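Beneath this line is the structure, given in structure tokens, with notes to follow.
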Amino acid sequence: MTDQNISILLVDDHKLFREGVKRILEMEEHFTIVGEASDGEEACEMAANLQADVILMDINMPKMTGVQATQRIKERAPESRIIILSIHDDENYVYKSLRSGAAGYLLKEMDSDALIEAINAVANGESYVHPKVTGKLITEFRRLSTIEHSHEENVLLSDISDLGGSEKESNILALTPREREVLQLMAEGKSNRVIGEELFISEKTVKNHVSSILQKLDVQDRTQAVVMSIKNGWVKLS
């Protein structure tokens, strides 16, 4: 876990939900809740003033949706990293959120460990997508990869993967057998904790493997690594 102090803005129109999330986050010494907003418009105003490191953003709110607010906030506070919180696991919501500039997408059914892991990840410049949603994201990517790409689809894929062209086969060859196992489980949407349990290694060891994979594949985060692997047929998908 990082020692970096992370400032957080909570955005949700349900006060009870905000209070519950706030209680969880206040237990982490390096998290600081700097503000709370109850709708999209208020979120935009507070984001511009507070410049929080991470913004937890509800997707369905009065006055302005989380996706609309994310787009506006990225213009006013580009350094803030936004995690969308949603009850929807539909891939369309995920794509719209990521295209709007969100760095993460979490389902509200997530446990506290996943929430904390996601905040730490996006604060460190990574992306984080709820494991349950990753499979749907992969399915949609595969669908788009089998049809003729329009300009809009090319923009969509570049927004998500930012791969910058064809990848070298030497990238995957540089991975160790264990790293390939970890990459496969990442592509299946499994969290570090679950990967560790399946491979009988510690979560810290999994994180080390993930860091090495990202470096060798020359990508910024897990989502990019998975998209690259699917695009090049480096992982098996059912």
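The values are calculated or read from the model by the stated rules, or taken from the named source; none is laboratory data. Predicted model only: the values in this text are computed from it and were never measured. Using ideal geometry, Cβ is built from the backbone for each residue, glycine included, and neighbour counts are taken over all protein chains shown. Ligands, DNA and RNA are excluded from the accessible area calculation, which covers all protein heavy atoms including side chains. Shrake-Rupley method; radii C 1.70, N 1.55, O 1.52, S 1.80 Å.
In summary, GLN4 fulfils each of the numbered conditions (1) touching a residue at least 60 places away in the same chain (Cβ under 8 Å); (2) part of a loop (DSSP other than H, G, I, E, B); (3) out of contact with any helix residue (DSSP H, G or I) (no Cβ under 7 Å at 6 or more places or on another chain) with the single exception of condition (3). Quickly run through the range 215-238 and pick out the residues that are in a helix (DSSP H, G or I), under 14 Å from the mean Cα position of the chain (by Cα) and buried (at least 20 other Cβ atoms within 10 Å of the Cβ). Across the range 215-238, the qualifying residues are ARG222, THR223, ALA225, VAL226, VAL227.
Yes/no per residue for (1) touching a residue at least 60 places away in the same chain (Cβ under 8 Å); (2) outside the structural domain of GLU42 (by the TED database); (3) outside any loop (DSSP other than H, G, I, E, B):
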site: PRO62; (1), (2), (3): no, no, no
site: LYS74; (1), (2), (3): no, no, yes
site: HIS88; (1), (2), (3): no, no, no
site: VAL94; (1), (2), (3): no, no, yes
site: SER97; (1), (2), (3): no, no, yes
site: LEU115; (1), (2), (3): yes, no, yes
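Residues that are of a type outside the set (D, E, K, R), assigned to a loop (DSSP other than H, G, I, E, B) and at pLDDT 90 or above do occur in the range 31-39.
The helices (runs of 4 or more DSSP H) falling completely within the range 148-214 that include 3 or more residues that are modelled with pLDDT of 90 or more and open to solvent by 80 Å² or more (accessible area, probe 1.4 Å) map to 177-187. Applying the condition of being modelled with pLDDT under 90 and in a helix (DSSP H, G or I) to the range 99-113 and asking which residue is surrounded by the fewest Cβ atoms within 10 Å (Cβ to Cβ) yields ASP113.
Hey, can you tell me all the residues within the range 15-60 that are β-branched (Val, Ile, Thr), open to solvent by 20 Å² or more (accessible area, probe 1.4 Å) and in contact (Cβ under 8 Å) with a residue 40 or more places away in the chain? Correct list: ILE24 only. Scanning the range 43-60 for residues that are assigned to a helix (DSSP H, G or I) and within 27 Å of GLU91 (Cα to Cα) gives ALA43, CYS44, ALA47.
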